[in-house]
Ligand SMILES: Cc1cc2nc3c(=O)[nH]c(=O)nc-3n(C[C@H](O)[C@H](O)[C@H](O)COP(=O)(O)OP(=O)(O)OC[C@H]3O[C@@H](n4cnc5c(N)ncnc54)[C@H](O)[C@@H]3O)c2cc1C
């Protein structure tokens, strides 16, 4: 059994073999791949210290998930480079747990190491113009060819990081005669295939984090199918449950989230204060603290297994809080809060609220109640799957997908 003392020993061994002081300075997001950093991350993965709860040989040691904090603290104190989790969030938070649960041994060995080190970025080809909240209605078709491999045609939309991605997790319809949830299959799609076309979509912030993706005759070997043919909806639930935890359940220190900048402004700029704003700030500060502690509870639950629908509650709370807090900050700053003057279309490598002005935070937080499932849909999930309330009437559950009105 690998305990905290053993993990400390292994971490120190890694640090002795790769002293961080001898590594080059952390790279800019534009050049993430310097060799010293990459070699350190590969060595960390091979030592089983990447995600300690993963199996041996796949970046872990089969240790309890809660012990990851021991490794992270040692590495942070030594100034070791990390894998820039914000840049590779889709790979780490969604693709990896799905590959671990449903992938073959060969798939796990091929994909997990470069995913974790950040050498290969992943994106998520789920949403379509006619299938967002009702994701199971998706129409992208995967047809099996004579040799057993697949040909994929269709359109995806709102695909974050598709312009950076080497691989995508993709769900596509393989049986139009089956009801919508049953005729879907889950694949890993090669984003360098000549049939993949990525076009930027510009957001309210002026940036284009996401894209529309056109798939025309894309070849996917059957060896890149995750799970059984027709079982893609079940596989996708693992991705979606992990997505909500990844978005809503980030580990934050006190005042570490959106409440941090607004609290700082409040302390540093007494001339902006009013009684009403004070009341609102205090209420939101308490809400942020409750959300932070609830996140800790959720992470403790996670140590016991895969996240369930409870992640939906965290993500709901996170979206509401971010929107209310950033709204308060804009009001607090008055005219200055409305300044947002750089509308050049940028292609950011990561969504980063730190160091950005109040106007950006206000505009970007609007997407929080849409991405990873809208708040209305998450309320339905909490009602049905957490509270056990009666389900919404669904008349299309047993109808063949090809016969649904579109
Ligand atoms: C910043 C951002 C990043 C994203 N990144 C990705 C990505 O990388 N990959 C990807 O696949 N997708 C991504 N998405 C897409 C996202 O998952 C969808 O936008 C979302 O699921 C909603 O789908 P939709 O946009 O089609 O809206 P619709 O489903 O058309 O919803 C429209 C409105 O109807 C409401 N509604 C729909 N059904 C119900 C219901 N049953 N009960 C009550 N209300 C309902 C919704 O809440 C919403 O207000 C991203 C979105 C955003 C904003």
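What is the residue count in segment 267-303 for residues that are assigned to a loop (DSSP other than H, G, I, E, B) and over 25 Å from the mean Cα position of the chain (by Cα)?
3
If a residue must be more than 14 Å from the ligand (Cβ to nearest atom) and either over 14 Å from the mean Cα position of the chain (by Cα) or assigned to a loop (DSSP other than H, G, I, E, B) (or both), how many such residues does segment 99-128 contain?
Of the residues in that region, 20 qualify.
Which of the residues that make up segment 388-405 are within 16 Å of the ligand (Cβ to nearest atom) and farther than 19 Å from residue 137 by Cα?
Matches in segment 388-405: 389, 390.
Test residue 327 against the stated conditions and say whether it is under 28 Å from the mean Cα position of the chain (by Cα), crowded, with 16+ Cβ neighbours inside 10 Å, within 16 Å of the ligand (Cβ to nearest atom) and closer than 24 Å to residue 257 by Cα.
Against the criterion (under 28 Å from the mean Cα position of the chain (by Cα), crowded, with 16+ Cβ neighbours inside 10 Å, within 16 Å of the ligand (Cβ to nearest atom) and closer than 24 Å to residue 257 by Cα), residue 327 does not qualify.
Among the numbered conditions (1) assigned to a loop (DSSP other than H, G, I, E, B); (2) surrounded by 15 or more Cβ atoms within 10 Å (Cβ to Cβ), tell me where residue 79 comes up short.
With respect to (1) assigned to a loop (DSSP other than H, G, I, E, B); (2) surrounded by 15 or more Cβ atoms within 10 Å (Cβ to Cβ), residue 79 is out only on (2).
Is at least one residue of segment 224-232 part of a helix (DSSP H, G or I) and in contact with a strand residue (DSSP E or B) (Cβ under 9 Å, 6 or more places away or on another chain)?
Yes, segment 224-232 has at least one match.
Only one of these is closer than 22 Å to residue 372 by Cβ and in a loop (DSSP other than H, G, I, E, B): 308, 313. Name it.
308
For segment 67-90, which residues satisfy the criterion of being without any contact (Cβ under 8 Å) to a residue 60 or more places away in the chain and either touching a strand residue (DSSP E or B) at 6+ places or on another chain (Cβ under 8 Å) or within 14 Å of residue 168 (Cα to Cα) (or both)?
Residue satisfying the conditions is 88 alone.
Across segment 353-383, which residue is farthest from the ligand (Cβ to nearest atom) among those that are closer than 21 Å to residue 87 by Cβ, assigned to a loop (DSSP other than H, G, I, E, B) and within 19 Å of the chain's Cα centre (by Cα)?
354
Please determine, by comparing only the residues of segment 143-162 that are part of a strand (DSSP E or B) and within 16 Å of the ligand (Cβ to nearest atom), which one is surrounded by the most Cβ atoms within 10 Å (Cβ to Cβ).
Going through the qualifying residues, I end up with 156.
Return yes when residue 9 is at pLDDT 95 or above and in contact with a helix residue (DSSP H, G or I) (Cβ under 8 Å, 6 or more places away or on another chain) and no when it is not.
no
Return the only residue of 131, 165, 96 being closer than 30 Å to residue 61 by Cα, modelled with pLDDT of 95 or more and within 11 Å of the ligand (Cβ to nearest atom).
Of the residues listed, the single one that is closer than 30 Å to residue 61 by Cα, modelled with pLDDT of 95 or more and within 11 Å of the ligand (Cβ to nearest atom) is 165.
Would you mind stating whether residue 139 is within 16 Å of the ligand (Cβ to nearest atom), part of a loop (DSSP other than H, G, I, E, B) and more than 26 Å from residue 295 (Cβ to Cβ)?
yes
The values are calculated or read from the model by the stated rules, or taken from the named source; none is laboratory data. In this text the structure is predicted, and so the values were computed from the model without any measurement. Heads up, the Cβs are rebuilt from the backbone with ideal geometry, glycines too, and the neighbour counts pull from every protein chain shown.
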